Amino acid sequence: MSRAPAIGGLRATHNRALVLARRPAPGLVTPDVFRIEDRPRAEPAEGEFRVAVRYVSLDPAMRGWINEAKSYVKPVGIGEVMRAYAAGHVEASRHPGFVPGDAVQGLFGVQTHAISNGERVVKVDETQAPLARWVGGLGMPGWTGWFGMTEVCGDPGAGKTVVVSAASGAVGSIAGQIAKLKGARVVGIAGGPAKCAYVRDTLGFDQCLDYKAGNLAAGLDAACPSGIDVYFDNVGGEVLDAVLPRMNVFGRVAVCGMISAMAATSPPDGPRNWRAILTQRLTVRGLIVFDWADRTAEAIDALGRWHAAGRLVIREDVRSGGLEAFADTLNLLYTGGNDGKLVLAL
Ligand code: NDP
């Protein structure tokens with residue numbers, strides 16, 4: 001086979017893929033957990049197409065996907081390409097539904113070129129929103145906010161007080177704005193004054209509490225004088241401990257994520273205030289966005305219409321550095337270093 005010259009480290013006939021080399025130790029991810037493989041670029045078989053990936057979504061769940069533990073999906077295997085949502089363009093196709101040039105979003109993995117059979121792939125409209133946004137607020141994190149708030153949290157509206165943690169992030173920002181658009185009073189929780197100002201002043205939440213400033217419990221009492229009807233939990237840990245005793249009778253808690261535990265070096269001791277579930281007769285429900293995989297069009301339609309009308313604010317934090325920067329960029333999620341949906345440009 002003739003070898004095309006390397007352009008920016010990538011041969012025109014090659015796929016660069018980030019592969020799991022070993023299971024990580026507890027804590028933040030170290031770059032040696034992965035290796036980069038330079039592979040021949042595969043040709044699509046009948047019913048398949050090939051995508052040139054431009055943006056890889058970095059998601060907190062990735063830290064869990066590389067552990068050898070029971071979860072809602074199989075762990076990424078040693079030697080397998082790292083699982084990831086990504087967006088790019090079709091560059092070759094033998095699939096009747098996709099043609100070269102189509103902009104697409106799907107589970108393409110952390111690699112420059114992916115082969116797909118179209119399963120769970122969404123064709124996206126770049127005139128409606130830039131490509132990176134289709135792995136963010138209009139992609140999987142946005143769908144999580146939509147199904148989490150409308151289905152799991154019971155679609156709270158006027159008269160309800162909703163609290164959302166990791167409120168400035170990809171999921172929390174959407175979840176909170178949905179509740180606000182539906183008329184609820186919404187209180188965010190985020191780390192630091194800059195993120196809190198963004199949540200309040202740009203996303204339009206009623207208030208935002210800085211959990212890093214200390215005394216979150218007193219802040220919640222002041223911000224939620226009638227108690228909390230709905231808690232959309234993205235973080236678990238001490239924030240959950242502070243919210244649970246302030247829940248109203250028959251309130252709902254959506255357990256969307258536990259990022260405080262994901263890169264921790266030891267398991268959490270909590271939740272400490274589990275008793276509130278009994279005394280307040282709470283409905284606590286875990287959610288995994290994959291459960292609504294056949295209904296993503298619904299979320300895209302609702303979020304897309306608000307976005308087009310200028311009523312939904314979405315922010316991406318797009319980082320450069322390519323595959324080599326994957327591990328260090330991913331760690332930003334567990335240290336609060338991202339401002340909005342974290343995306344890696346390839
Ligand atoms: P974000 O964009 O919100 O980024 C993660 C944020 O979490 C950080 O910026 C940081 O914000 C906050 N954080 C990190 N460590 C801690 C900590 N110890 N205590 C409190 N907050 C912390 O990420 P996503 O929106 O993509 O994900 C948010 C949550 O939603 C995650 O738990 C994720 O696993 C979950 N998720 C669940 C899905 C599902 O199907 N169930 C689907 C997608 C995401 P700050 O600086 O404010 O602390």
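Among Gly139, Tyr231, Val249, which residue has its Cα positioned farthest towards the positive end of the charge dipole of the chain, with +1 placed on the Cβ of Lys and Arg, -1 on the Cβ of Asp and Glu, and the dipole taken about the Cα centre?
Val249
How would segment 168-304 be classified by its alpha-carbon gyration tensor: rounded, prolate or oblate, with rounded meaning a/c under 1.5 and the a/b versus b/c comparison settling the rest?
Taking the square roots of the gyration eigenvalues as a ≥ b ≥ c, segment 168-304 is rounded.
If I measure Cβ to Cβ between cysteines in the chain, which ones have no partner under 4.7 Å?
If one checks each Cβ against the other cysteines of the chain, Cys153, Cys224, Cys256 turn up with nothing under 4.7 Å.
Mean residue ellipticity at 222 nm from the helices of the chain, using -39,500 (n - 2.57) per DSSP H segment of n ≥ 4 over the full residue count, to the nearest 500 deg cm²/dmol?
-5500 deg cm²/dmol
Quick check on the chain: of the DSSP beta bridges with both residues there, what percent are antiparallel, nearest 5%?
Roughly 55 percent of the DSSP beta bridges within the chain come out antiparallel.
Using alpha carbons only, how many angstrom separate the centre of segment 108-140 from the centre of segment 171-204?
26 Å
Reachable lysines from Lys212, Cα under 21 Å, same-chain residues fewer than 8 places away excluded?
Those lysines meeting the cut-off are Lys195, Lys341.
To the nearest 20 Debye, how big is the dipole of the chain about its Cα centre, given +1 on the beta carbon of each Lys and Arg and -1 on that of each Asp and Glu?
Here the chain has a charge dipole of around 180 debye.
Which of the chymotrypsin sites (Phe, Trp or Tyr not before Pro) across segment 174-255 are loop residues per DSSP, with 11 or fewer other Cβ within 10 Å?
none
Just order 144-150, 74-80 by mean Cβ neighbour count inside 10 Å, highest at the front, would you?
Top of the packing list down: 144-150, 74-80.
With +1 assigned to the C-beta of every Lys and Arg and -1 to the C-beta of every Asp and Glu, and no other charges, what is the dipole magnitude of segment 197-260 about the Cα centre in debye, to the nearest 20? Display every interim value, and only then the final one.
Values: 4 positive and 8 negative charges, 12 e Å.
With Lys and Arg at +1 and Asp and Glu at -1, about 60 debye.
To the nearest 10 degrees, how steep is helix 296-308 against the longest Cα principal axis of the chain, on a 0 to 90 scale?
80 degrees
Please name which of Ala222, Phe205, Gly340 has its Cα lying farthest along the dipole of segment 199-346 towards the positive end, using unit charges on Cβ (Lys, Arg +1; Asp, Glu -1) and the Cα centre as origin.
Ala222
Name the long-range amide H neighbours of Met82: under 5 Å, sequence gap of 5 or more, or other chain; modelled H, no Pro or chain starts.
For Met82, the qualifying residues are Leu18, Val19, Leu20, Val110.
Any idea what angle helix 170-181 forms with the longest principal axis of the chain, computed on alpha-carbon atoms, 0 to 90 degrees, nearest 10?
The two axes meet at around 50 degrees.
Find how many whole Å separate the alpha carbon centroid of segment 217-288 from the alpha carbon centroid of segment 314-332.
29 Å
Roughly speaking, what is the stretch gain from Ala69 to Ala345, that is 0.36 nm per residue apart minus the C-alpha to C-alpha distance, in nm to one decimal?
Full extension of this stretch gives 96.4 nm more.
So what is the relative contact order for the chain, in percent, with contacts set as C-alpha pairs under 8 Å and at least six apart?
17 percent
Would you mind working out the magnitude of the charge dipole of segment 56-112 relative to its Cα centre, with +1 at each Lys and Arg C-beta and -1 at each Asp and Glu C-beta, to the nearest 20 Debye?
Working: 5 positive and 5 negative charges, 40 e Å.
The calculated dipole for segment 56-112 is roughly 200 debye.
Laboratory data are not the source of any read-out in this text; all were calculated from the coordinates shown. In this text the structure is predicted, and so the values were computed from the model without any measurement. Backbone-built Cβ (ideal geometry, glycine too); neighbour counts: all protein chains shown.
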